[in-house]
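S.K.: Have a look at the structure that comes next, please.
The values are calculated or read from the model by the stated rules, or taken from the named source; none is laboratory data. The shown structure was predicted, so the numbers you read here are calculated from the model rather than taken from an experiment. As a convention, Cβ positions derive from the backbone with ideal geometry for all residues, glycine included, and neighbour counts pool all protein chains shown.
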């Protein structure tokens, strides 16, 4: 069944297309922010994809929002939220709630994740932990770093998991133009190499195992500065369907982007709480 687990690792301006080779004719922005004629560009899709992924991986930080929609035998389920990623330290701070964007609920999930060793060490608190932690303890620690992280469909909303998929994106095909968050962007259909085995001794994104993900379609939106503005991944199994949409709200923002993990005195290991489950 399509069940959303709480993720405990958990671009209105139109671009004109040049026909034939799938290049995009990009109208740039003048200094006053209006669309001008001073920055026309013609860029091959493969070069645009490569540069956009590299820009994201080289960034010090980014902010994101995400929405996951799952449909299965038990009906439809939604999960939405967002947060901040400190790529220098490979850490994530995120907050998620069930339901589509704009819905209200008393349920919540907040987490800090440390991916410096591959799979995450997670520090979380949630509505289902309220009243169940010892006095003085406000965060539950789950250490998943000792095992390889093999992605499941409901992990894809995690920003580090999404980076791992972008790291394996290839064969972009121009499919249109849109405006995402007030920014003009070209939309590409891409393939994700889900057959490539992870590299245990490689960089942290190469250590994530994406084999077996039932991806049927992946789309990227890339702006004139070669930044990825949105990713949407569709996955299907018999009687199950997932659509994950992640927006990159800010990339390499100035200022201090450090994510500090909870202090040890406020943390309790999940193994010390019998029967704890989401």
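S.K.: I'd like to check something: does segment 60-77 contain any residue that is at pLDDT 60 or above, surrounded by 13 or more Cβ atoms within 10 Å (Cβ to Cβ) and outside any strand (DSSP E or B)?
M.R.: yes
S.K.: Pick out the one residue from 160, 180 that is surrounded by 20 or more Cβ atoms within 10 Å (Cβ to Cβ) and farther than 17 Å from residue 51 by Cβ.
M.R.: Details: 180 fails: surrounded by 20 or more Cβ atoms within 10 Å (Cβ to Cβ).
Criteria check complete, one pass: 160.
S.K.: Do the conditions hold for residue 8, that is, is it at pLDDT below 95, under 25 Å from residue 267 (Cα atoms) and touching a strand residue (DSSP E or B) at 6+ places or on another chain (Cβ under 8 Å)?
M.R.: yes
S.K.: For segment 41-59, indicate whether the set of residues that are part of a strand (DSSP E or B), buried (at least 17 other Cβ atoms within 10 Å of the Cβ), modelled with pLDDT of 90 or more and out of contact with any helix residue (DSSP H, G or I) (no Cβ under 8 Å at 6 or more places or on another chain) is non-empty.
M.R.: Scanning segment 41-59 turns up no residue that is part of a strand (DSSP E or B), buried (at least 17 other Cβ atoms within 10 Å of the Cβ), modelled with pLDDT of 90 or more and out of contact with any helix residue (DSSP H, G or I) (no Cβ under 8 Å at 6 or more places or on another chain).
S.K.: Now for a different question. Residues that are touching a helix residue (DSSP H, G or I) at 6+ places or on another chain (Cβ under 9 Å), under 21 Å from residue 61 (Cα atoms) and buried (at least 16 other Cβ atoms within 10 Å of the Cβ): does segment 255-278 have at least one?
M.R.: No.
S.K.: Hey, another quick one. Look through segment 145-184, keep the residues that are out of contact with any strand residue (DSSP E or B) (no Cβ under 8 Å at 6 or more places or on another chain) and outside any helix (DSSP H, G or I), and return whichever of them is farthest from residue 79 (Cα to Cα).
M.R.: 146
S.K.: In segment 191-208, what residues are surrounded by 20 or more Cβ atoms within 10 Å (Cβ to Cβ) and in contact with a strand residue (DSSP E or B) (Cβ under 9 Å, 6 or more places away or on another chain)?
M.R.: 192, 208
S.K.: Continuing with this model, one more query. Given the structure, is residue 245 in a strand (DSSP E or B), at pLDDT 95 or above and either on the phi < 0 side of the Ramachandran plot or touching a strand residue (DSSP E or B) at 6+ places or on another chain (Cβ under 9 Å) (or both)?
M.R.: Judged against the criteria, residue 245 is a match.
S.K.: Go through 220, 213 for me and flag whichever is part of a loop (DSSP other than H, G, I, E, B) and either surrounded by 18 or more Cβ atoms within 10 Å (Cβ to Cβ) or out of contact with any strand residue (DSSP E or B) (no Cβ under 7 Å at 6 or more places or on another chain) (or both).
M.R.: Criteria check complete, one pass: 213.
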